[in-house]
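The values are calculated or read from the model by the stated rules, or taken from the named source; none is laboratory data. What you are looking at is a predicted structure, and each value in this text was computed from that prediction instead of being measured. FYI the Cβ positions are ideal-geometry reconstructions off the backbone, even for glycines, and counts take in every protein chain you see. Keep in mind that these areas ignore ligands, DNA and RNA; they rest on the heavy atoms of the full protein, side chains included. Shrake-Rupley method; radii C 1.70, N 1.55, O 1.52, S 1.80 Å.
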Amino acid sequence: MSAAARTLAQIAALVGGKVIGDGGVLIHRVAPIADAVDGEITFLANARYAKYLEGCRASAVIVGVGAAAGYIGRSRFAFLEAADPYVAFAKILQLFLPSVRLAQSRSSQAAIDASAVIEDGVTVFPNVFVSAEARVGRNSVLYPGVYVGDGAEIGSDCVLHPNVVVRQGCRVGNRVIVHAGAVIGSDGFGYAGHGEDRIKIPQVGIVVVEDDVEIGANATVDRATLGQTIIERGAKIDNLVQIAHNVRIGAHSIIAAQVGIAGSSKVGKHVTILGQAGIVNHIEIGDGAIIGPQSGIPKSVPAGALLSGGIAAAPHHEWLKVMALLPQLPKLWASVRSIERQIASLLKK
Amino acid sequence: MSAAARTLAQIAALVGGKVIGDGGVLIHRVAPIADAVDGEITFLANARYAKYLEGCRASAVIVGVGAAAGYIGRSRFAFLEAADPYVAFAKILQLFLPSVRLAQSRSSQAAIDASAVIEDGVTVFPNVFVSAEARVGRNSVLYPGVYVGDGAEIGSDCVLHPNVVVRQGCRVGNRVIVHAGAVIGSDGFGYAGHGEDRIKIPQVGIVVVEDDVEIGANATVDRATLGQTIIERGAKIDNLVQIAHNVRIGAHSIIAAQVGIAGSSKVGKHVTILGQAGIVNHIEIGDGAIIGPQSGIPKSVPAGALLSGGIAAAPHHEWLKVMALLPQLPKLWASVRSIERQIASLLKK
Amino acid sequence: MSAAARTLAQIAALVGGKVIGDGGVLIHRVAPIADAVDGEITFLANARYAKYLEGCRASAVIVGVGAAAGYIGRSRFAFLEAADPYVAFAKILQLFLPSVRLAQSRSSQAAIDASAVIEDGVTVFPNVFVSAEARVGRNSVLYPGVYVGDGAEIGSDCVLHPNVVVRQGCRVGNRVIVHAGAVIGSDGFGYAGHGEDRIKIPQVGIVVVEDDVEIGANATVDRATLGQTIIERGAKIDNLVQIAHNVRIGAHSIIAAQVGIAGSSKVGKHVTILGQAGIVNHIEIGDGAIIGPQSGIPKSVPAGALLSGGIAAAPHHEWLKVMALLPQLPKLWASVRSIERQIASLLKK
């Protein structure tokens, strides 16, 4: 994470921030607040880490507008105030990103079908497999073990990390990042009939992943039975997420780790679904909704809703008592209703 | 998904349905109801999509017996009535499946041990690894990145999608489909002793996957400590499911995505376990039981039981109140009991 | 699982147990209690399997101290009593482990960068990729499809099962086992800004996996944003677990399948987290805490706490009633409080 050094003033100009202190100090690296030393810039990510400011040995600290006020003249480091300090932090990290060595050519140890189209600047590592009539756009990177099926299309400037699978006919947009082991285009889970007579419903649709999507490690996105499973532009999908056949994830939505979304459900735009939540099939989550961790969503959710369903764990012996009573809630209600009637009758007397 | 066209009457004969309307119309493709056009057959999958019948431009629609009655003479398309329209739909999809080009030979870029037995008609893609004394039966397909360990056996007509791992000694039956990234035969999670002195219990058993099983993408099936982890014939396992050591999954059971089944538990035949449910170790789920999504199953379940344990999410601010009160259920019960005693005493007076 | 036979007395000496019965009997294999025959030793793993002792045809059975007393003179097999019979069982399994044939050399079908350092005795299978400046320590095994990124370090005596990914710069200690398909060092899930303007926060930290850790199949461990995600020595992580960026897992902790631990949370030493539990971000789980299955942990947990949050599933039609009432708990409380006031006022009269 080291690159050419820049002055704090140069950095501030690049990310749209304001220097409080010495803008001439040279910065060459970003580091965590507890570890940062001379020549490094750090970030006060969370109010609970403010205690670290006291002993901070960084040359500069990124903070929100006005947050430096209390420290002026008292700190040995400079501040970079930014309207959104988190965005400034991200941009500064990007400034100091080490350049990755990429061959921008095809490894002779990759298996690429003669009918596949690999555009200029693409890096194909060893052990990659690109099938017939597949296309990979300019400057994309296929790490070792990547599989691109028949006629699949990968856009430009994509990164497919090791062992990513994109099965036949699926379409991936531009600037898409797919993390290691993720599977795009596995068969949807569909059967007809029962028991011995159950038969597989062929899954002949595809997956469409639009531009600027990121998909986490070992996540799975099933192809549609017919038609398309769609992940709209800018959506971010975390590790080990399951997206079933014919689901649509709206633009810029955020799906945290281990969430499961069952078949044909539609998630709106700018939705946030937190870890381990589950969405049943054939429902709709409205735009901008926020779903808490571990929540079960059994029916459609209106736009903008803020839902929770997770249970906070409790001390085990207390929880055993709660669990014994929970199934008896209906009986408890009946008791209370009966008491209310008795009191009403007592009061009448 | 296009193949040779057939008349609707021919299709009806093949799937055992009845034509209402013009049996001579040529069909060459299956399409979703909202998209289907001339020459295509579609399927009314769900009553909620009946609205699409009005503007439907398909040449034919698959429906249940009697469902066409209301439309006769009014529709510009024909109907194919079937006893189980979903089964008819699946069979028609199979009719129109595009043929997949398979080499039915071993890629020179695969690594196959000299002692491995690869039967006739097997397709071995590049980057496949088949270890010593492994066997692969007739017409099976090993996609790129597949690993078959020492002495493992894969039956005939199997499909192992890219990057599937079948570790040493495991046995996979015939017509088994394993989706990309799934792992069969990883070590069970077993240790003896505590802390610093904890030691690994070698996992020397195997996994047996019987005929006609399907296992989802990135699912994991651990080998037995001793003996066998067994997935009986016809069971269908969805993506990201965890099956621990020494588990047995009964014939024709359905395990939806992200379910976890802990060590040594036995799931009966024809069981359905819905998404994200969890089954503790050393219990039995009786034949035909149905377990709802996100349910926790802490003890054995009788045959035919229908269990639920998932919580429906609620508006966040209301849920906070519920969560504050839930741990106090025992106190609430005590209050109600105390009130009942007071009322009894009041009524005596 | 067969190796050279040993007498029961020899085995007892090796594992620190006591023979009750014929110490001269030859043992060549370990088998499950229901299957074991002559020449085999078995293990009474669980009191519920004691029924199998009656018809047991093994030559010896491992039990706890004193457990053989009731059977002396009545059984046709010998007993091996051990202070911790489970530990004895594990050690005996290790005694009889079949030796695995390993080349201890680099396959010519592996792609190893010229600048990578591969120490003596390392086995590199075909289709492995080892990137620039990576290091792999003595006697480690890289199975097919393993990826070791730029500058990553793998210690000695490690086993990386097929298709394991260790991305650039990550450090894995000695005697670490990583099961098939696990990903170490995928990007943390971090973004700044909102909607269209959301940008990726580069994840430039690493993952450090200390000695004697085991990581399950298809588990994912994200690299830190800055700094390190750390899995301390001896921790055991099961299949499909998600460990987010900047998490620390303490020494000798046990994390069961499908658990998710969100960003920057710290799990103490000797902690046990059972299946499908979820830990929110930025909290601490104290040393020795035990977290029940499916529990949601929304705030820090003190050392030694025993927490549960899982719900036991109930018959579906009863559960529907409970679910209808659960959101009305606040109203129920209000009713009870109102009743209490009315009774107090009645009692005053």
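Inspection of the stretch B:335-347 finds no residue satisfying the criterion of being closer than 20 Å to B:LYS266 by Cα and surrounded by fewer than 20 Cβ atoms within 10 Å (Cβ to Cβ). Collect the residues in the stretch B:225-266 that are touching a Lys or Arg at 6+ places or on another chain (Cβ under 8 Å), within 11 Å of chain A (Cβ to nearest Cβ), closer than 21 Å to C:GLY181 by Cβ and among the hydrophobic types (A, V, I, L, M, F, W, C), keeping them in residue-number order. Result: B:ILE255, single match.
In the stretch A:86-100 there is at least one residue matching the filter, namely being closer than 25 Å to C:ILE283 by Cβ and open to solvent by 60 Å² or more (accessible area, probe 1.4 Å).
Among the residues of the stretch A:108-121, is any open to solvent by less than 60 Å² (accessible area, probe 1.4 Å), away from every other protein chain (no Cβ under 12 Å), within 29 Å of the chain's Cα centre (by Cα) and farther than 19 Å from B:PRO126 by Cβ? Checked against the condition, which is being open to solvent by less than 60 Å² (accessible area, probe 1.4 Å), away from every other protein chain (no Cβ under 12 Å), within 29 Å of the chain's Cα centre (by Cα) and farther than 19 Å from B:PRO126 by Cβ, the stretch A:108-121 yields at least one hit.
Looking only at residues of the stretch B:50-98 that are of a type in the set (Ser, Thr, Tyr) and more than 10 Å from chain A (Cβ to nearest Cβ), we find that the one that is nearest to the chain's Cα centre (by Cα) is B:TYR52.
Residues in the stretch B:186-224 that are part of a strand (DSSP E or B) and away from chain A (no Cβ under 14 Å): B:TYR191, B:ALA192, B:ILE199, B:LYS200, B:ILE206, B:VAL207, B:VAL208, B:VAL209, B:VAL221, B:ASP222. Name every residue in the stretch C:189-219 that is surrounded by fewer than 24 Cβ atoms within 10 Å (Cβ to Cβ), in contact with an Asp or Glu (Cβ under 7 Å, 6 or more places away or on another chain) and touching a residue at least 24 places away in the same chain (Cβ under 8 Å), in order of residue number. Listed by number, the residues that qualify are C:GLN203, C:GLU210.
Rundown of residues vs (1) assigned to a helix (DSSP H, G or I); (2) acidic (Asp, Glu); (3) modelled with pLDDT under 90, yes/no style:
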{"position": "A:ILE41", "(1), (2), (3)": "no, no, no"}
{"position": "A:TYR52", "(1), (2), (3)": "yes, no, yes"}
{"position": "A:SER75", "(1), (2), (3)": "no, no, yes"}
{"position": "A:VAL87", "(1), (2), (3)": "yes, no, no"}
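The set of residues in the stretch B:6-58 that are touching a Gly at 6+ places or on another chain (Cβ under 6 Å) and either β-branched (Val, Ile, Thr) or open to solvent by less than 60 Å² (accessible area, probe 1.4 Å) (or both) comprises B:THR7, B:LEU8, B:ALA9, B:PRO32. Looking across the stretch B:297-342, the residues that are more than 7 Å from chain C (Cβ to nearest Cβ) and within 30 Å of C:SER345 (Cα to Cα) come down to B:ALA324, B:PRO327, B:GLN328, B:LEU329, B:PRO330, B:LYS331, B:TRP333, B:ALA334, B:ARG337, B:SER338, B:GLU340, B:ARG341. Of all residues in the stretch B:1-26, those satisfying the criterion of being touching a strand residue (DSSP E or B) at 6+ places or on another chain (Cβ under 7 Å), within 14 Å of chain A (Cβ to nearest Cβ) and among the aliphatic types (A, V, I, L, M) are B:MET1, B:VAL15.
Just for the stretch A:131-161: of the residues that are farther than 22 Å from C:VAL130 by Cβ and outside any loop (DSSP other than H, G, I, E, B), which one is most open to solvent (accessible area, probe 1.4 Å)? So, considering only residues that are farther than 22 Å from C:VAL130 by Cβ and outside any loop (DSSP other than H, G, I, E, B), the one most open to solvent (accessible area, probe 1.4 Å) is A:ARG135. The residues of the stretch B:281-304 that are under 20 Å from the mean Cα position of the chain (by Cα), open to solvent by 20 Å² or more (accessible area, probe 1.4 Å) and under 24 Å from A:GLN328 (Cα atoms), listed by number, are B:ILE290, B:PRO293, B:GLN294, B:GLY304.
Scanning the stretch B:268-320 for residues that are hydroxyl-bearing (Ser, Thr, Tyr) and under 19 Å from C:LEU320 (Cα atoms) yields B:THR272, B:SER295, B:SER308. The set of residues in the stretch B:75-115 being β-branched (Val, Ile, Thr) and over 22 Å from A:GLU196 (Cβ atoms) consists of B:VAL100, B:ILE112. Could you say whether any residue in the stretch A:126-137 is more than 13 Å from every other protein chain (Cβ to nearest Cβ) and farther than 28 Å from A:LEU240 by Cβ? Yes, the stretch A:126-137 contains at least one residue that is more than 13 Å from every other protein chain (Cβ to nearest Cβ) and farther than 28 Å from A:LEU240 by Cβ. Every condition in (1) open to solvent by 30 Å² or more (accessible area, probe 1.4 Å); (2) over 30 Å from A:LEU8 (Cβ atoms) is met by A:ASN127 except one, and the failing one is (1). Among the residues making up the stretch A:281-296, those that are more than 9 Å from chain B (Cβ to nearest Cβ) and either over 24 Å from A:ALA251 (Cβ atoms) or in a strand (DSSP E or B) (or both) are A:GLU284, A:ILE285. In the set B:GLY250, B:GLY234, B:GLY275, only one residue is in contact with an Asp or Glu (Cβ under 8 Å, 6 or more places away or on another chain), open to solvent by 10 Å² or more (accessible area, probe 1.4 Å) and at pLDDT 95 or above; that residue is B:GLY275. Inspection of the stretch C:128-141 identifies at least one residue that is over 26 Å from C:ALA251 (Cα atoms), among the polar types (S, T, N, Q) and out of contact with any Pro (no Cβ under 7 Å at 6 or more places or on another chain). Of the candidates A:HIS252, A:HIS270, A:HIS282, the single residue that is without any contact (Cβ under 8 Å) to a residue 60 or more places away in the chain and under 25 Å from C:GLN276 (Cα atoms) is A:HIS282.
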